[in-house]
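Okay, structure first, notes after.
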Amino acid sequence: MSVALFQPPGRSGPAPIKTYDPAPVEAVMLRARAAQKLFAEVDQDGADAAVRALAWSLYKPENAKELAELAVADTNLGNVADKIRKKQRKTFGTLRDLLRGRSVGIIEHDREKGLVKYAKPMGVVGAVTPSTNPGATPVNKAMMALKGRNAIVVAPSPLGYRTTARVVELMRQELERIGLPGDLVQILPDPVTKDSTEALMKLCDLVVVTGSQDNVRRAYSSGTPAIGVGAGNVPVMIDETADLDAAAEKIRDSKIFDNSTSCSSENSVVIVDAVYDQAITALERAGAYLCTPQEKARIQDKLWVKGKLNRDLIARDADVLARAFELSPKAEGKAYFLVEDDGVGREHPFSGEKLALVLTVYRAKDFAAAKARVREILDYQGRGHSCGIHTTNMDRARELAEDLDVVRVLVNFAHTFGNGGGFNSGLGFTLSMGCGSWQKNSISENLSYRHMLNITHLVTPIPEDKPSEEELFGPHWKTIGYEEAGR
């Protein structure tokens, strides 16, 4: 640390005030730039070899297990089995997507328009990663960054630092095994602070932030091009045409995955009146426990402390929550817990994101009322992110897509397994999902390697494409009158 002294020599006064020393971050960036300068010369096969190496550093079974155990031990969030599955599934899917795309040299040739597009690296990517995925997210972003022949420096959540440091070590080892510089992937020195993270944001060429909305805002104000993603609070609908058992099983599988740490995990289910009771029964049959009003009150008292989620209860196992919430013995062995509510907003905390095995249930008169409720939930929290519907009526799904301010509407999905990419979903695999201007994000799609490329356009002459005045202005002239148009 450098020290600023606010007293002249020989005079008593206040103690020295410590100021932030940017030198350690600058040193990391110098190493990253040196490594990236070399890496920028590789061909497509070289870039893809780097991506494979990074993927294997996490996909390798013993590494996935080690990092999952470390993450749960350090953060107390989620569970080991699901974190292993998440690490391997996301990494495998992302590798599939990346190997199918070009990121070096000519990536597109449009002969009709006379355009040839060349991909160029951005430089050094600064990646801010969350405590909920301290192993998977750094690798996911590193794979995308190196696909574009960039280097990456990770600024992890302090809570997940040990896990992220270990996965960075593993990534570096795999890169060095194939003859590439380990400094293509680095981590900020411990301890990571707001000052060191902001220094990284200002020194790198692109900032990509997943997690804290405070960090997203800081990234966008850093002066560096930035991609930030928004918060989730996913509502899903069950209408009277749905296969209730299939919907219940998908909601269960998605809700309980990694103890609801995913931003794509369902937080509310809105059920139309015609099948409300049958849907609740199906949810119970699939492993849910419907809480009594008294139990709901206890959950609210314990899950929120002074208006904020209780750090000791989020992302915990169901049996831990059942004991903490003092639920009936009937809740023993259940996978997650349902609470019924009829309102949205600050006075109804269950209408927001819970990061816990608690799912809020709303009853709606019909589809129109259900859509209105979904909109209300999103307007309160999670607007722009996503919503889902279980239905056999695709007209309703299309209506939601047309009318609601979300980037993704998922139909008949276990939401967590489709929203961030799936083998039966056309969305690209990612752990960072843009929410558009609705959450002040610069992208309204899933983050991909294409967001980490500069593109040069080679432009050549084509036959003139100039329509007549009549073609362009004709409809307007007819509207205002030909004579008034001066014709």
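Structure above, values below:
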quantity	calculated
Dipole of the chain, positive direction: furthest Cα of Gly211, Phe429, Thr292, with charges on the beta-carbon	Gly211
Separation between Cα centres of segment 319-367 and segment 31-82, rounded to whole Å	36 Å
Percent RCO, i.e. relative contact order, over segment 234-429, from Cα pairs under 8 Å lying at least 6 residues apart	31 percent
Cα-based reach from Lys202 at 28 Å (exclusive), listing lysines while leaving out same-chain residues under 8 positions away	Lys18, Lys37, Lys120, Lys141, Lys147, Lys194, Lys440
222 nm mean residue ellipticity, helices alone, for the chain (DSSP H n ≥ 4; -39,500 (n - 2.57); rounded to 500)	-12500 deg cm²/dmol
Vicinal HN-Hα couplings computed from phi for segment 401-406 (Karplus, 6.51 cos²θ - 1.76 cosθ + 1.60; Hz; Gly/Pro x)	5, 6, 9, 9, 8, 9
Student exercise, segment 346-487 dipole from Lys, Arg, Asp, Glu Cβ charges, in Debye to nearest 20	880 debye
Nearby aspartates and glutamates by direct alpha-carbon distance to Lys117 (threshold 13 angstrom, same-chain neighbours under 8 apart not counted)	Glu108
Candidates per GluC sites (Glu not before Pro) in segment 312-417, loop by DSSP, up to 11 other Cβ within 10 Å	Glu347
Share of pairwise Cα separations in the chain, more than 44 Å, in percent	24 percent
DSSP-loop trypsin sites (Lys or Arg not before Pro) across segment 319-371, with at most 16 other Cβ within 10 angstrom	Arg346, Lys365
Whole-angstrom gap from segment 385-447 to segment 245-272, using each part's C-alpha centre	14 Å
Dipole of segment 234-429, positive end: most advanced residue of Thr281, Gly345, Val236 [Cβ charges, Cα centre]	Gly345
Electrostatic dipole magnitude of segment 234-429 [Cβ: Lys, Arg +1; Asp, Glu -1; Cα centre; debye, to 20]	620 debye
Reachable aspartates and glutamates, given that their alpha-carbon falls under 16 Å from the alpha-carbon of Lys365 and they are not under 8 places away in the same chain	Asp239, Glu240, Asp273, Asp277, Glu340, Asp341, Asp342, Glu376
For segment 376-442, with +1 on Lys and Arg beta carbons and -1 on Asp and Glu, the positive-most of Ile389, Asn419, Leu404 along the dipole	Asn419
Of the chymotrypsin sites (Phe, Trp or Tyr not before Pro) in segment 316-417, those whose Cβ has at most 13 other Cβ within 10 Å and which sit in DSSP loop	none
Nearest-20 debye value, segment 345-424 charge dipole, Cβ charges on Lys, Arg, Asp, Glu	180 debye
Length-normalised contact order for the chain - Cα pairs under 8 Å, 6+ apart - percent	17 percent
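FYI, it's all coordinate maths here, none of it is from the lab. Owing to the predicted nature of the structure, the values given are computational and were not obtained by experimental measurement. Methodologically, a virtual Cβ is constructed for each residue, glycine included, from the backbone with ideal geometry; neighbour enumeration extends over all protein chains shown.
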